[in-house]
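Participant: My questions all concern the structure below.
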Amino acid sequence: MSVAAAPAWLDEERLDESAPVVRVRQGLDATRQARPQPSAQLVDSFGRVHRDLRVSVTDRCPLRCAYCVPLDDPRPLPRRDLMTAGEIVKAVRVAVELGVTRVRLTGGEPLQRPDLPDIVAGIAALPSPPQIALTTCGIGLDRLARRLARAGLGRVNVSLDTVDRDRFKLITGRDRLADALAGIDAACAAGLRPVKLNAVLLPGGNEDDALSLVEFALARGCELRFIEYMPLGGRRPWRRDQLVTADAVLDRLRARYRLTPLPGRGHSPAARWLVDGGPGVVGVIAAVTHPFCGDCDRLRLTADGQLRSCLFGNVEHDLLGPLRRGADDAELADVLRGSVWAKPPGHGIDQPGFHPPSRPMSAIGG
Ligand code: SF4
């Protein structure tokens, strides 16, 4: 039985002395179990138990964000290749029976699906309903927030990289800042909690917006998270030396705020800090410079029914085919287990031979 090369996240890394650290389990993480262990859960060969399912319900989006949609702007998937609402709810039901407790609906832009409230209601009606969250660019949320909340949506993450109209247009390719802000306010008014804001800082683009974004979020009681730019598509090739790192962001924030680390990160991708003693919180998702793969419990399902055990993986397992062939729950469960079992130890961005996923972020989902 070969011992896989120790992945980067096996080395204990600290953002800084007072920041919460990602503790890795000793022993098991370095040795891959040779064959799947019979389990009623979604466990990978490193022993990580998966409870978080991210379902991309479409690859269509009204925006063209620089770090997400490739320059050639790929044609969206034909509608017949997209999972139907019934297929999505069935896949989620089987996953919940295997221990999934959190479901996040993503895209492209999930609000582009007219039947999104039905999908939310179908998941909320499951015998032991999971927590239901949404990741959106906010365009259209002003019209749908209340209806989605009534259908069973609990929380929402809205992408917002700047509160400056011109820079918003530059980054997203569209003059829609007002619509995104209206969506955020509607989510807050609809009682969705928490309302989190996701900001990707691009060097020479919006890195000077960090403080104005924090001010905006604090004023609305939203939790802002800065996400390191990742090699997942986008208008230009990703370069590691062109990254606004998590540490650089924190240095900017500490110049104005007192940041107190919050313990108990668990499986969450974000490290979090109280701002000026609270209640405001800010987070950083440092997938590149401080990877957190050791505690990853996320599995993804694309809009065309492909399972991806890692955001950066290039291996997909087909769930839509068995679904459309009328596979029973046990067969579908085996496909889910098999996908998780084959999960790589981590994203391997710093490993020689790393290849970004062939599928762009716009067709994977957050
Ligand atoms: S890169 Fe892959 S393994 Fe690492 S946290 Fe993200 S999804 Fe999980």
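Participant: Evaluate Rg over Rh across the range 140-194, taking Cα atoms for both radii and Kirkwood's formula for Rh. Could the numbers behind the result be given before it?
Facilitator: Values: Rg = 12.0 Å, Rh = 11.7 Å.
My calculation puts Rg/Rh at 1.03.
Participant: Let me ask another. Points 7 angstrom from Cα along the Cβ direction at residue 358 and residue 295: gap in nanometres?
Facilitator: The two pseudo-label positions are separated by 3.4 nm.
Participant: Can you run phi through the Karplus equation (6.51, -1.76, 1.60; θ = phi - 60°) for the range 314-325 and list ³J(HN,Hα) in whole Hz, with x for Gly and Pro?
Facilitator: With coefficients 6.51, -1.76 and 1.60, one gets 10, 10, 10, 10, 6, 9, 5, x, x, 4, 6, 8 Hz.
Participant: Semi-axes of the chain's equivalent ellipsoid from the Cα gyration tensor, sqrt of 5 times each eigenvalue, largest first, rounded to whole Å? All intermediate terms of the calculation are to be shown ahead of the outcome.
Facilitator: Numbers: eigenvalues 174, 136, 78 Å².
Over the Cα atoms of the chain, the semi-axes work out to 29, 26, 20 Å.
Participant: For the chain, with all protein chains present and a 1.4 Å probe, just round the carbon and sulfur fraction of the accessible area to a whole percent. Display every interim value, and only then the final one.
Facilitator: Details: 8130 of 15610 Å².
Carbon-and-sulfur percentage of accessible area, whole number: 52.
Participant: Right, something else. Please report the accessible area of residue 196 (heavy atoms, 1.4 Å probe, ligands and nucleic acids excluded) in Å², nearest 10.
Facilitator: Ignoring ligands and nucleic acids, residue 196 comes out at about 30 Å².
Participant: For the pair residue 215/residue 239, report the inter-label distance in nm, with labels modelled 7 Å from Cα in the Cβ direction.
Facilitator: Placing both labels 7 Å beyond Cα along the Cβ direction yields 3.2 nm.
Participant: Project the alpha carbons of the range 82-195 onto their principal axes and report the range along each, largest first, in whole Å.
Facilitator: 46, 29, 23
Participant: Still on this model: Tell me the accessible surface of residue 347 in square angstrom (1.4 angstrom probe, heavy atoms of protein chains only), to the nearest ten.
Facilitator: 30 Å²
Participant: When only Cα pairs under 8 Å and 6 or more residues apart are kept, what is the percent relative contact order across the range 80-169?
Facilitator: Details: 101 pairs, mean separation 25.3, N = 90.
It rounds to 28 percent for the range 80-169.
Participant: To the nearest 20 debye, what charge dipole does the range 8-364 have about its Cα centre, counting +1 at the Cβ of each Lys and Arg and -1 at the Cβ of each Asp and Glu? List each step's numbers first, then the result.
Facilitator: Numbers: 50 positive and 44 negative charges, 135 e Å.
Magnitude of the dipole: close to 660 debye.
Participant: Counting each DSSP H run of 4 or more residues in the chain as -39500 (n - 2.57), what helix-only mean residue ellipticity at 222 nm follows after dividing by all residues, to the nearest 500 deg cm²/dmol? List each step's numbers first, then the result.
Facilitator: Working: 9 runs with 92 residues, N = 366.
Calculated from helices alone, the mean residue ellipticity at 222 nm is -7500 deg cm²/dmol.
Participant: For the range 305-366, what class follows from the C-alpha gyration tensor (a ≥ b ≥ c being the square roots of its eigenvalues): rounded when a/c is under 1.5, otherwise prolate if a/b is larger than b/c, else oblate? Intermediate results must be reported in sequence, preceding the final value.
Facilitator: Numbers: a/c = 3.35, a/b = 1.90, b/c = 1.76.
Prolate, because a/c is 1.5 or more and a/b exceeds b/c.
Participant: Also, I was wondering about something else. Please report the relative contact order for the range 8-364, taking Cα pairs under 8 Å with a sequence separation of at least 6, and give it as a percent rounded to a whole number. Intermediate results must be reported in sequence, preceding the final value.
Facilitator: On the way: 725 pairs, mean separation 78.9, N = 357.
For the range 8-364, the relative contact order is 22 percent.
Participant: Shifting gears a bit: Just the number please: accessible area per residue for the chain, 1.4 Å probe, all protein chains included, in Å². Could you put the intermediate results ahead of the total?
Facilitator: On the way: 15610 Å² over 366 residues.
With all protein chains present, the chain gives 43 Å² per residue.
Participant: How many nm is it between the label spots at residue 189 and residue 328, if each spot is 7 Å from the Cα in line with the beta carbon?
Facilitator: A separation of 5.1 nm, rounded to one decimal place.
Participant: Related question: For the range 227-324, which semi-axes, largest first and in whole Å, follow from the square roots of 5 times the eigenvalues of its Cα gyration tensor? Working shown, then result.
Facilitator: Values: eigenvalues 208, 65, 21 Å².
Ellipsoid semi-axes (Å, largest first): 32, 18, 10.
The values are calculated or read from the model by the stated rules, or taken from the named source; none is laboratory data. The structure presented is a predicted model; accordingly, all values stated were derived computationally and were not measured. Note that we place each Cβ from the backbone using ideal geometry, even for glycine, and neighbour counts take in every protein chain shown. SASA here: full protein model, heavy atoms, side chains in, ligands and nucleic acids out. Shrake-Rupley method; radii C 1.70, N 1.55, O 1.52, S 1.80 Å.
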